[in-house]
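What follows is a single structure, written as structure tokens, with notes after it.
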Amino acid sequence: MVSLRVEGLRKSFPGVVALDGIDLNVREGEYVVILGPTGAGKTTLLKTIAGLARQDSGHIYFDQQRVDTLMPFQRSVAYLPQNYSLFAHLTVWDNVAFGPTVQDWSPRRRDQIVREMLNLVHLSDRRNSYPRELSGGMQQRVALARALATQARILLLDEPLRALDARLRLELRQELRTLAKYLGITTLHVTHDQEEAISVADRIVIIRKGKVVQAGSPKEVYEDPSTPFVSNFIGEANFLQGLLSRVEDGFSVIMLSDGRHVMGRPTNVPVNSQVVLGVKTDFCNVYHGKVEGQNSFTGTVVRSLFTGKRTTLEIQTGQGLLKAKVPSDQSLSEGSEATLRFQPENGIVYPIPNEGLQVALEVE
Ligand SMILES: Nc1ncnc2c1ncn2[C@@H]1O[C@H](COP(=O)(O)OP(=O)(O)OP(=O)(O)O)[C@@H](O)[C@H]1O
Ligand SMILES: [Mg+2]
């Protein structure tokens with residue numbers, strides 16, 4: 001098993017900074033998900049680690065060995081590109097055998113590893129099929145087996161579940177993790193899907209505009225998002241802007257534009273600063289009619305979006321449109337009066353972003 005370390009990685013293209021000083025530490029055998037919006041630099045990061053793109057500056061280490069001067073094939077990396085394609089004229093077996101054949105392994109060793117990889121992805125009985133005879137999910141598994149057959153030390157997966165339908169995506173994402181853990185291979189899995197990230201990662205690294213914005217366990221990045229962007233990107237959040245007026249009983253007290261006060265978690269931001277409080281829509285409750293009290297906002301339900309077990313309610317209040325994800329059996333109909341409430345411990349207080357809240361939240 002091998003650890004991966006990336007230090008100060010920078011890469012620009014004409015007019016675009018794709019990687020703006022990325023630092024990354026991945027432990028041996030760890031399954032890390034790189035999560036970020038489109039254009040964040042995810043693919044560029046994987047390509048640089050694989051050796052298919054050259055960084056402008058910064059270094060990459062596997063264990064203590066610097067690898068950024070090595071050719072791709074010398075790095076022992078299995079890379080499954082975002083737009084992989086199988087060799088259409090080769091059978092499943094020959095697709096998987098491709099790497100070992102190019103690397104000139106003995107036929108015995110090659111056949112053994114191909115057999116093992118096909119077993120692992122449950123495709124042994126399709127070894128003689130051609131890619132066009134397989135379903136999308138099966139093709140994905142062949143691509144994975146082909147990448148793994150080189151017995152690499154590090155697995156790089158770029159949106160590995162992108163092309164699959166929703167149901168298969170759910171199934172395969174657990175399989176990927178199980179497989180990586182079984183092989184003990186250190187894995188970087190790139191996605192822009194926060195739900196996928198949360199459900200498979202040991203640790204999530206969120207990148208935006210070529211920079212790491214937060215790294216932590218799924219629970220940490222969900223419960224303690226370090227910026228409004230992360231708060232809104234992992235799940236969805238409401239934001240209330242105001243003046244931090246004081247700290248009371250360990251909670252921040254914020255005066256909103258209409259003079260009302262709202263309470264949130266303690267913060268390092270100095271009193272009398274402009275702040276924004278973010279609260280996940282998952283942590284907002286909704287009651288019928290007007291309910292007075294702490295952290296409550298009354299208004300009219302303008303939209304009710306049923307998604308199965310949960311329903312998203314959009315409520316027009318004096319503080320703008322606020323959303324809550326509630327159990328569907330507690331949903332309210334459009335047009336009815338409703339009060340949205342949340343606990344102060346679920347409200348996270350941030351300094352107002354320099355670029356303004358709207359820009360800070362943009363998923364470009
Ligand atoms: N070969 C290239 N030439 C010029 N610009 C590039 C090249 N590759 C990437 N870029 C730019 O670098 C930035 C990061 O691109 P990258 O493909 O790494 O993003 P990404 O996070 O993988 O996005 P997506 O989720 O859409 O795949 C983008 O602005 C992109 O246009
Ligand atoms: Mg990409």
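The values are calculated or read from the model by the stated rules, or taken from the named source; none is laboratory data. These numbers were taken from a predicted model, which means no experiment stands behind them. Quick reminder, even Gly has a Cβ in these numbers, built from the backbone with ideal geometry, and neighbours come from all protein chains shown.
Worth pointing out:
- Scope the stretch 202-221; condition in contact with a Phe, Trp or Tyr (Cβ under 8 Å, 6 or more places away or on another chain) and either among the aliphatic types (A, V, I, L, M) or exposed (fewer than 14 other Cβ atoms within 10 Å of the Cβ) (or both); matching residues: Ile206, Val213
- Residue, nearest to the chain's Cα centre (by Cα), within the stretch 176-201, restricted to residues that are away from ligand 1 (no atom under 13 Å from the Cβ) and surrounded by fewer than 17 Cβ atoms within 10 Å (Cβ to Cβ): Glu195
- Residue under evaluation Ala360, criteria (1) out of contact with any strand residue (DSSP E or B) (no Cβ under 8 Å at 6 or more places or on another chain); (2) surrounded by fewer than 18 Cβ atoms within 10 Å (Cβ to Cβ); (3) in contact (Cβ under 8 Å) with a residue 60 or more places away in the chain, criterion not met: (2)
- Meets criteria (crowded, with 16+ Cβ neighbours inside 10 Å and within 29 Å of Ile204 (Cβ to Cβ)) for Asn295: yes
- When the residues of the stretch 329-344 are filtered to those that are of a type outside the set (Ser, Thr, Tyr) and part of a strand (DSSP E or B), the one that is surrounded by the fewest Cβ atoms within 10 Å (Cβ to Cβ) is Glu337.
- Arg162 meets all of the listed conditions (1) away from ligand 2 (no atom under 16 Å from the Cβ); (2) at pLDDT below 95; (3) charged (D, E, K, R) but one, namely (1).
- Meets criteria (of a type in the set (Asp, Glu), in contact (Cβ under 8 Å) with a residue 40 or more places away in the chain and surrounded by 14 or more Cβ atoms within 10 Å (Cβ to Cβ)) for Glu236: yes
- The one condition in (1) more than 25 Å from Ala40 (Cβ to Cβ); (2) modelled with pLDDT of 90 or more; (3) among the aliphatic types (A, V, I, L, M) that Val102 fails to fulfil: (2)
- Single match in Ser245, Ser226, Ser252, Ser231 (criterion: in a loop (DSSP other than H, G, I, E, B) and at pLDDT 95 or above): Ser226
- Residues of the stretch 94-135 classified as assigned to a helix (DSSP H, G or I) and more than 24 Å from Pro72 (Cβ to Cβ), total: 12
- The lone criterion from (1) more than 14 Å from ligand 2 (Cβ to nearest atom); (2) in contact (Cβ under 8 Å) with a residue 40 or more places away in the chain left unmet by Gly51 is number (2).
- Among (1) surrounded by fewer than 16 Cβ atoms within 10 Å (Cβ to Cβ); (2) within 25 Å of Arg146 (Cβ to Cβ); (3) of a type in the set (Lys, Arg) - the single one Lys47 does not satisfy: (1)
- Selection count where residues are assigned to a helix (DSSP H, G or I), crowded, with 22+ Cβ neighbours inside 10 Å and out of contact with any Phe, Trp or Tyr (no Cβ under 7 Å at 6 or more places or on another chain), scope the stretch 140-171: 6
- For Pro81, the criteria (1) more than 27 Å from the chain's Cα centre (by Cα); (2) buried (at least 18 other Cβ atoms within 10 Å of the Cβ) hold in every case but one, which is (1).
- Residue match in the stretch 36-57 (condition: in a strand (DSSP E or B), more than 9 Å from ligand 1 (Cβ to nearest atom), within 19 Å of Tyr79 (Cα to Cα) and in contact with a strand residue (DSSP E or B) (Cβ under 7 Å, 6 or more places away or on another chain)): no
- Under the condition of being more than 14 Å from ligand 1 (Cβ to nearest atom) and without any contact (Cβ under 8 Å) to a residue 40 or more places away in the chain, the residues counted in the stretch 1-35 number 1.
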